[in-house]
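Have a look at the structure below before the remarks.
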Amino acid sequence: MNPRTQNNPENFRSASFPFTEKISVWLPTPESEALMGGLPTGFRADVWTGEAEFPASADTVEVIIPPYGVGADLLSRFAELPRLRLLQLESAGVEWIRPYVPEGVVLCNAKGAYDRAVTEWVTGVVLAHLLRLPRFEQARRDERWDYTHTDSLEGKRVLLVGYGSLGSALAPVLAGFGAEVAAVARRARPGVHGVDELPGLLPEADIVVLLLPLTEATTGLVDATFLSRIRDGGLLVNAGRGRLVDTDALVAELRGGRLYAALDVTAPEPLPAGHPLWSAPGLILTPHTAGSNTSPPARAMALAKAQLARYAAGEPLANVVGEAGY
């Protein structure tokens, strides 16, 4: 029997679908197919960029690669698509779409596509902080020659909170600068601490980097108590999701001058005018750009192309998002 027709949780195409026809997939941009280097054999594509009107293939589409940030009103309509079997994301984060995945549809993320880009951002903001670059830029604007000693990443103790593919990519880069890197994951494993060990690890860290997905368990994890355990003068780096952090508690620490922070994500996002983070001292802030350099789109589409080939062959899919949300 063709494995694609078996009643197996790893195979998602229904036996009632005729396998002689091409599989219908929706791509998120007109450039997506070119970024893939062409569709795998056996597929036909329409482009859906998030318009209210679905493409004419709505009754036959089996795979959707949705554009990031589509509103709930449209995501909820995926349940109307009778042959939809797979949602393959361009993003690593899934919290924006997970509540709207129809029953029987598999959700997969783009884990790995953003590892290099986010590694560059984290390394960049850590070095900018240690080398006092924000201070020197302000001095340039004020036309002041503001000489001071700077710091080094060598010998700094860095705690990575979240240790999936991104943490695994970041750790050796930081270690290459001479940093001492420790990692925390949901459960302990050889060389990686469990999240229950955080209270003892935070006071030893000079730099704490958040790489966690946003789930029910991680929302608000970085609260006033968490922040109070970071040593004086420590740097908190958030490359995960804004709602991991209690923003009011972080603002209080920044205004008190005890901690520093580098944030690519915030809660709320985008920040409204007048929000206290705009004027908080000791903060490097970027507008959710850590994964926005030129390489991730091609990497995400390469992952998607490989996923489409697995799907057509009835093979187990990669990066399946489980009940935990990652």
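Things worth noting here:
- Loop-resident sites, segment 136-194, for GluC sites (Glu not before Pro), counting at most 14 other Cβ within 10 Å (DSSP): Glu143, Glu154
- If only the Cβ of Lys and Arg carry +1 and only the Cβ of Asp and Glu carry -1, the dipole of segment 91-157 around its Cα centre is close to 100 debye.
- Taken one residue at a time, the phi angles of segment 321-326 give Karplus couplings (6.51, -1.76, 1.60, θ = phi - 60°) of 7, x, 5, 6, x, 6 Hz. Gly and Pro are set to x.
- For the chain, with +1 on Lys and Arg beta carbons and -1 on Asp and Glu, the positive-most of Val61, Val184, Leu283 along the dipole: Val184
- Candidates per chymotrypsin sites (Phe, Trp or Tyr not before Pro) in segment 34-71, loop by DSSP, up to 15 other Cβ within 10 Å: Tyr68
- Relative contact order of segment 190-326, defined on C-alpha pairs under 8 angstrom at six or more residues apart (%): 20 percent
- Shape category assigned to segment 102-165 from the gyration tensor of Cα positions, a/c cut at 1.5: prolate
- Accessible surface, per residue, of the chain when the full set of protein chains is kept, probe 1.4 Å, Å²: 49 Å²
- Accessible carbon and sulfur surface of the chain relative to its total accessible area, %, 1.4 Å: 53 percent
- Positive-end residue, segment 197-268 charge dipole about Cα centroid, Cβ charges, pick of Ala224, Leu236, Thr266: Thr266
- Here the 3J(HN,Hα) profile of segment 68-84, calculated from phi with Karplus coefficients 6.51, -1.76 and 1.60 at θ = phi - 60°, is 5, x, 4, x, 4, 4, 7, 4, 5, 7, 4, 5, 7, 8, x, 10, 5 Hz, Gly and Pro shown as x.
- With the simple model of a label 7 Å out from the Cα in the direction of the Cβ, Arg229 to Ser279 spans 3.3 nm.
- Projecting the Cα atoms of Met301, Pro213, Ala313 onto the charge dipole of segment 185-326 (Cβ charges, centred on the Cα centre) puts Ala313 farthest toward the positive pole.
- Of the peptides 269-278, 123-132, 71-80, 203-212, the order by per-residue mean of other Cβ atoms within 10 Å, starting with the highest, comes out as 203-212, 123-132, 71-80, 269-278.
- Here r is the Cβ-Cβ distance between Glu180 and Leu127 and R0 is 22 Å; the resulting FRET efficiency, rounded to 0.05, is 0.85.
- Prolate/oblate/rounded call for segment 284-326, Cα gyration tensor, a/c under 1.5 rounded: oblate
- Global geometry of segment 168-326, whether rounded, prolate or oblate, following the gyration tensor of its Cα atoms and the 1.5 cut on a/c: prolate
- Amide H contacts of Gly291 (H built 1.01 Å from N, under 5 Å, at least 5 apart or other chain): none
- A simple charge model with +1 on the Cβ of Lys and Arg, -1 on the Cβ of Asp and Glu and nothing else charged puts the dipole of segment 203-326 at about 340 debye relative to its Cα centre.
- Coil-residue chymotrypsin sites (Phe, Trp or Tyr not before Pro) of segment 104-145, DSSP, other Cβ within 10 Å capped at 13: Trp145
- Value at 222 nm in deg cm²/dmol, rounded to 500, when DSSP H runs of n ≥ 4 in the chain each add -39,500 (n - 2.57): -7500 deg cm²/dmol
- Segment 203-266 and segment 25-62 have Cα centres spaced 39 Å apart.
- Reported to the nearest whole Å, the Cα centre-to-centre distance from segment 127-164 to segment 287-313 is 32.
- Residues in segment 162-167 carry Karplus couplings, in order, of x, 9, x, 5, 5, x Hz; the curve used is 6.51 cos²θ - 1.76 cosθ + 1.60 with θ = phi - 60°, and Gly or Pro positions show x.
- P(r) histogram, all alpha-carbon pairs of segment 221-294 included - 10 Å bins from 0, percent: 20, 57, 20, 2
- Rel. contact order, % - alpha carbon contacts under 8 angstrom, at least six apart, the chain: 18 percent
- Taking amide hydrogens as placed 1.01 Å from N in the peptide plane, the amide H of Thr266 sits under 5 Å from those of Gly242, each at least 5 positions away in sequence or on another chain.
- Sequence-distant residues sharing a close amide H with Leu131 (under 5 Å, placed H): Asp151
The values are calculated or read from the model by the stated rules, or taken from the named source; none is laboratory data. Treat the numbers as computed from the prediction; the structure is a model and nothing was measured. FYI the Cβ positions are ideal-geometry reconstructions off the backbone, even for glycines, and counts take in every protein chain you see. Areas reflect the complete protein model, heavy atoms only, side chains present, ligands, DNA and RNA absent. Shrake-Rupley method; radii C 1.70, N 1.55, O 1.52, S 1.80 Å.
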